[in-house]
Amino acid sequence: MHINTSEKLHISKLIPCSPNLVAALVGIGHTSQILLCQPGASSWSVRAYDQCKGFEDMAFYQGKLYAIANDENLLVVNISQDHSTGDPQVSRIGQIIKGEPWYPVVLEDNTMPCKKLYLVESHGALLMVRRAIWCRVPGPGVPGEVIAGVSGFEVFKADFEHSRWVKVSTMGDDQVLFLGRRCSRAISVSQYGLSGDYIFFLDDDEDNRIEYAYDEENTSFGVYSMRFRSIRSAHPNISSKRCDEMRLAAWLFPQD
């Protein structure tokens, strides 16, 4: 599928890469394409013959644009300039790391992990965060919905020299990750007198990408401890009601 044939598009991610370049993931459902533009331009550029792919996230890291696919392959997006218009364009998408993905399998206790992937820079390294949302699945022949439960997290560092993902057990006492479908970021927290090695995450599922339902009518955000491998509510008194008109939550960060 190409986005030209899609009637309902959404922007999953928007990244200001530089004063002269903005990149976006645009698509429908679980597939999307990478679009580029100059700020103030009247249109976006997209590779005319590229089909939509299963991109999960993208990040601008050390002067290059990277994307992570749902098979955990890390891709680098080569950008050139259109000779006739001067607009930025995607010239090539190349594989940097071949992932070793796992796919959802229903276990004997009728549970199944659904996966989300995030890219985020931390301490000069590019990290892939794999979030597994453990869901309850109706038994064979039993009608019902897939219901989301607790989340688990694994963190991997990109080893560019050996073209592989390396699992890490800690991010350090100074680092906290804030994960979201729209924006993810690592923050040094020691200057604020806070402890690190935590992952804060949002329930920011997009309607056209969701694979499960929820027991609770309210959504909130949680925090995962890398040290204790446990989850708790980050702030029990802050929540919003799930509804058709719900606006997804987003992180707000102080200026650098």
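Quick note: the coordinates plus some simple rules give every number you see, no bench work behind them. A quick note: this is a predicted structure, and the numbers were derived from the prediction, not measured. Every residue, glycine as well, gets a Cβ built from its backbone with ideal geometry; the counts of neighbours run over all protein chains shown.
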Notebook entry, point to check: Using modelled backbone amide H atoms (1.01 Å from N, in-plane), which distant-in-sequence or interchain residues come within less than 5 Å of residue 79's amide H?
Noted result: 91
Check: Can you list residues whose amide H is under 5 Å from residue 61's amide H, if they're 5+ apart or on another chain and H is modeled 1.01 Å from N?
Finding: 66
Margin query: Report the gain in length on full extension from residue 168 to residue 123: 0.36 nm times residue separation, minus Cα-Cα distance, nm rounded to one decimal.
Written below: 14.9 nm
Margin query: Going by amide H atoms built from the backbone, whose H comes under 5 Å of the H on residue 106, apart from near neighbours?
Written below: none
Checklist line | Too-long pairs where the Cα-Cα distance tops 23 Å, listed order kept, from 116/157; 98/157; 64/115 | finding: 64/115
Notebook entry, point to check: Fully extended, how many nm does the chain gain between residue 160 and residue 18 (0.36 nm per residue separation, minus their Cα-Cα distance)?
Noted result: 48.8 nm
Note to self: Quick check on segment 117-197: take the gyration tensor over C-alpha atoms, sort the square-rooted eigenvalues as a ≥ b ≥ c, and tell me if it's rounded (a/c under 1.5), prolate or oblate.
What the structure shows: prolate
Note to self: Take residue 195 and residue 92, extend 7 Å from each Cα along the Cα→Cβ direction, and tell me the distance between the two endpoints in nm.
What the structure shows: 4.8 nm
Next item on the list: Pull out the extension gain between residue 47 and residue 64, defined as 0.36 nm times the separation in residues minus the alpha carbon to alpha carbon distance; nm, one decimal.
Entry: 4.3 nm
Item checked: Kirkwood Rh and Cα Rg combined as Rg over Rh, evaluated for segment 3-97 -> 0.93
Next item on the list: Assign one of three labels to segment 55-212, namely rounded, prolate or oblate, based on the Cα gyration tensor with a ≥ b ≥ c the square roots of its eigenvalues; rounded applies when a/c is under 1.5, prolate when it is not and a/b is larger than b/c, and oblate otherwise.
Entry: oblate
Check: What does the charge count near residue 130 come to, summing +1 for each Lys or Arg and -1 for each Asp or Glu among other residues with Cβ under 13 Å from its Cβ?
Finding: -1
Note to self: I'd like to know which of 90, 70, 21 lies farthest towards the positive end of the charge dipole of segment 3-97, counting +1 on Cβ of Lys and Arg and -1 on Cβ of Asp and Glu.
What the structure shows: 21
Item checked: Karplus (6.51, -1.76, 1.60) ³J(HN,Hα), θ = phi - 60°, over segment 72-84, in Hz, Gly and Pro reported as x -> 6, 6, 8, 10, 10, 9, 7, 10, 10, 10, 5, 5, 8
Check: Using +1 on the beta carbon of Lys and Arg, -1 on that of Asp and Glu, and nothing else charged, what's the dipole of segment 3-97 about the Cα centre, debye to 20?
Finding: 100 debye
